[in-house]
Amino acid sequence: MFSSKRISSKAMEGSHRVKKRSPNACQRCRRQKIKCSGSQPCDTCSKRKLTCVFDDRDQKILVTRGYIEDLLRKIALLKGGEDEVFSPQSMEQDVLRSAEGKGSPSRLPLNVCDMGCPTRSVPAIGGDDIAVEGEPEWSQNLEGASQLTNPLSSGPSTFMAAASGRIFYLGTSSNWSFARKILSMTHDHLYNSPLPTGSLYFDGSAYDLGWDGTRNTISQDIPMAPPLDFSIYLMNAVKFHAGQLFHLFDEESFMAGLYAFYENPDHQMAHSGLWYIHYLLILAFGKAFVVQRNQGSRPAGCEFFTKALQLLPDTTYLSRDPIIATEILCCIALYLQSLDFRSAAHNYIGQAARIALAQGMHTDMSTEHLGDASIQRCRRIWWTIYILDRQMTSLMGLPQSIRDDQIHHQLPYFPGSPQKAIALSMQIKVCQIMEEINSSVYGPDGRLNRNFLRRTKSALASAAELVNELRNCYDLRLDESSISGVSRLSAHLHLLYHQCLVLATRPVLFCFLKMRIQSADSSFESLNSSANVRKLLQVCIDSAQQILNILTVLQRQTLLDSFLPFDLESTYISAVVLVTAPAADVTLLEDWTSWLHTGVTLLDEMISRGNLIAEFRKSELQQLAGMLSQLAADRLANDTESVRKGPLEQLVSRLPSPTTPDRVFGMEFPNVNHGLTTADIMAVAESIDTGDVDWIAHAVTENHIW
């Protein structure tokens, strides 16, 4: 009896005991301060048929003091910009511990637009060094890793003096700078003396604008204007050549001003505000597109451009009418970039960006305050500024000024022209990839070690995401071009894409060439010991070849642009890559002279249409090809007689000569193929592993390159 009562007492005590609350309660239970079962959904929410939401941010977890101290140290170093290189292995372990059970580390989304553009993301703090689950452990045996640097973006800044005495900065990602550094390095090795700059070309020295830039020379002439029908013809030329890529003027308002101007030129010139200046700039572009010959060192249409600059008011006045002011500044920047006044062009597009930002064009502009027509125009202006700024900044090799995480990514409407919206979206995506490459691969104190190859791998993956969409929307079909022709817009987008691939991979080419020049002959085996790193060079070479293929098709269709700078930049940098590759390793590209000939032929076409800059580019390209050929010949000459005789004679026989007929250069047209597919590029990116990054570290350190 006693025993029965004691059991009953214990049972009663257990039934009144308060159950412990779940260590992870849902939001509603936590807010109501009631018991939560912890299941998903919990019992209380299930009974009330309510949505059950768990938030584990407040959940307490147990970590070591050392783990917290390591995180604080790394954050402090990131904020302070210290040069210490963290151990990728320790970072991987930290992240995996913190992300255990949650998949990969958290990433901050960065949406391009809301019209089908793919989203790209940037890693959280220290993201470039984060290793995701499943990657092999990094080897810690990497002596001297903190001293390994990307030679194109680290160490002392590189400058070069022109014959006039003016000093020019050689930017990190600049095409011009890349070619000039190779030229200078090769000349220094061959002749043990600095590269003479007397015959070299520098910013803004090809053309003469006929105006010194001072305001005291402004003349009050009668209004400059061709006949109305010729003005309309020039305006349509601008629409065809540049209007598919950029917004330079609003056609409806511009045409209204045009007809009003021809009714009373003197009155409109005096009272139309900025319209007349805008009109002069459109005339300058149109004449440059249709005339295609120079008056000495002055391009066609230059008289309209210089008159517009002379009449351009101060920024304080421009800010009063920001919409037309930003259109005018975009026109000036693009025209100056076409004449290779790169520094001035970069300044003008920066001015346009600041006026646009102050006007709120980068925001979700309100229809209530501005009206839909004005908003659509502002969005066209904003994305033109964005694209030009990204491209000009990259060509200058300077830090980007517009941050993607601080702007709204809404595209304008293009009623009746959906392809135009797709093309704009494509340009934005390519510019974002370009910015990713510039800020990571060419970032401050860029490191040619694990981080460098990881960033190159990430950039290739971003580019691979775009190529399928690009081919679906704007497939070129170069092998069918003789039948249907190639769209000028499609060609431009593909050229931009391949330039991104070249931009991402050419530091490795520069590294190979520098090792071949500065290291011992025995380094040849070292250069070939990493097959995956060599694949990066193949990506670079393939894209350079695709660029020349596309440009050759455009030339045959008479669509090669001889005024806007984009075709010239593409021709020059791809030819430089294809000339440099066999000098770094002859097995990378055997028939390089046919590609050199293709590049020179394209430059000759531009020269014949009055492009003076192409003439300087051709001269430097031939100078570079000659010195790299001499470098290869000298290397063979140092070998034994039995080894060198055949290859040397073969090499000399293949060198281009001014008197050599075109047919000697082999194929009439470069190999036509569709280039690397998404799978190919992703395979190259994914193949970069621990052995490759250790190869970079070992090869560079062992040969005392840097």
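Looking at (1) of a type outside the set (S, T, N, Q); (2) in contact with a Cys (Cβ under 8 Å, 6 or more places away or on another chain); (3) modelled with pLDDT of 75 or more, which one does L72 not meet, given that it meets all the others?
Condition (2) is where L72 drops out.
Using the structure shown, decide if L460 is touching a helix residue (DSSP H, G or I) at 6+ places or on another chain (Cβ under 6 Å), modelled with pLDDT under 85 and outside any loop (DSSP other than H, G, I, E, B). If you could, list the steps in order and put the result at the bottom.
Details: touching a helix residue (DSSP H, G or I) at 6+ places or on another chain (Cβ under 6 Å): yes; modelled with pLDDT under 85: yes; outside any loop (DSSP other than H, G, I, E, B): yes.
So L460 passes the test.
Would you point out which residue out of I385, I402 is closer than 27 Å to S174 by Cβ, modelled with pLDDT of 95 or more and either not assigned by TED's automatic domain parsing to the domain that holds S487 or not basic (K, R) (or both)? Working first, answer last.
Working: I402 fails: modelled with pLDDT of 95 or more.
Only one candidate qualifies: I385.
Do we find that E615 is in the same structural domain as T186 (by TED's automatic domain parsing), surrounded by fewer than 17 Cβ atoms within 10 Å (Cβ to Cβ) and at pLDDT below 90 in this structure? Break it down stepwise before answering.
Working: in the same structural domain as T186 (by TED's automatic domain parsing): yes; surrounded by fewer than 17 Cβ atoms within 10 Å (Cβ to Cβ): yes; at pLDDT below 90: no.
Spelling it out, it is not the case that E615 is in the same structural domain as T186 (by TED's automatic domain parsing), surrounded by fewer than 17 Cβ atoms within 10 Å (Cβ to Cβ) and at pLDDT below 90.
Please pick out the residue among F261, F240 that is among the aromatic types (F, W, Y), at pLDDT below 95 and closer than 22 Å to L309 by Cα. Reasoning before the result, please.
Numbers: F240 fails: closer than 22 Å to L309 by Cα.
One residue alone meets the criteria, F261.
Taking T393, is it surrounded by fewer than 21 Cβ atoms within 10 Å (Cβ to Cβ) and assigned by TED's automatic domain parsing to the domain that holds I332? Step through it out loud before you land on a result.
Details: surrounded by fewer than 21 Cβ atoms within 10 Å (Cβ to Cβ): no; assigned by TED's automatic domain parsing to the domain that holds I332: yes.
Taking the combined requirement at face value, the residue does not satisfy it.
Look at G273 and say whether it is outside any helix (DSSP H, G or I) and either modelled with pLDDT of 90 or more or of a type outside the set (D, E, K, R) (or both).
Yes.
What are the residues in segment 319-371 that are within 17 Å of A284 (Cβ to Cβ), in a helix (DSSP H, G or I) and touching a Gly at 6+ places or on another chain (Cβ under 8 Å), if any?
Listed by number, the residues that qualify are I324, A344.
Identify all residues within segment 249-263 that are surrounded by 17 or more Cβ atoms within 10 Å (Cβ to Cβ) and either among the acidic types (D, E) or under 15 Å from K239 (Cβ atoms) (or both); write none if there are none. If you could, list the steps in order and put the result at the bottom.
Applying the first criterion (surrounded by 17 or more Cβ atoms within 10 Å (Cβ to Cβ)) to segment 249-263 yields 249-250, 254, 257-258, 261.
Correct list: F249, D250, F254, L258.
What pairs can you find where one residue is in segment 564-583 and in the same structural domain as Q337 (by TED's automatic domain parsing) and charged (D, E, K, R), the other is buried (at least 24 other Cβ atoms within 10 Å of the Cβ) and assigned to a helix (DSSP H, G or I), and their Cβ atoms are less than 6 Å apart, with a gap of 6+ or different chains?
none
Considering segment 537-594 alone, what residues qualify as being in a loop (DSSP other than H, G, I, E, B) and among the charged types (D, E, K, R)?
Step one: list which residues in segment 537-594 are in a loop (DSSP other than H, G, I, E, B), which gives 557-565, 585-591.
Of everything in segment 537-594, those that are in a loop (DSSP other than H, G, I, E, B) and among the charged types (D, E, K, R) turn out to be D561, D585, E590, D591.
From A300, A325, grab the single residue that is hydrophobic (A, V, I, L, M, F, W, C) and surrounded by fewer than 23 Cβ atoms within 10 Å (Cβ to Cβ).
Values: A325 fails: surrounded by fewer than 23 Cβ atoms within 10 Å (Cβ to Cβ).
Result: A300 is the single residue among A300, A325 that is hydrophobic (A, V, I, L, M, F, W, C) and surrounded by fewer than 23 Cβ atoms within 10 Å (Cβ to Cβ).
The values are calculated or read from the model by the stated rules, or taken from the named source; none is laboratory data. Quick caveat: nothing in here was measured; it's all calculated off a predicted structure. Here Cβ is always computed from backbone atoms with ideal geometry, including for glycine, and neighbour counts include all displayed protein chains.
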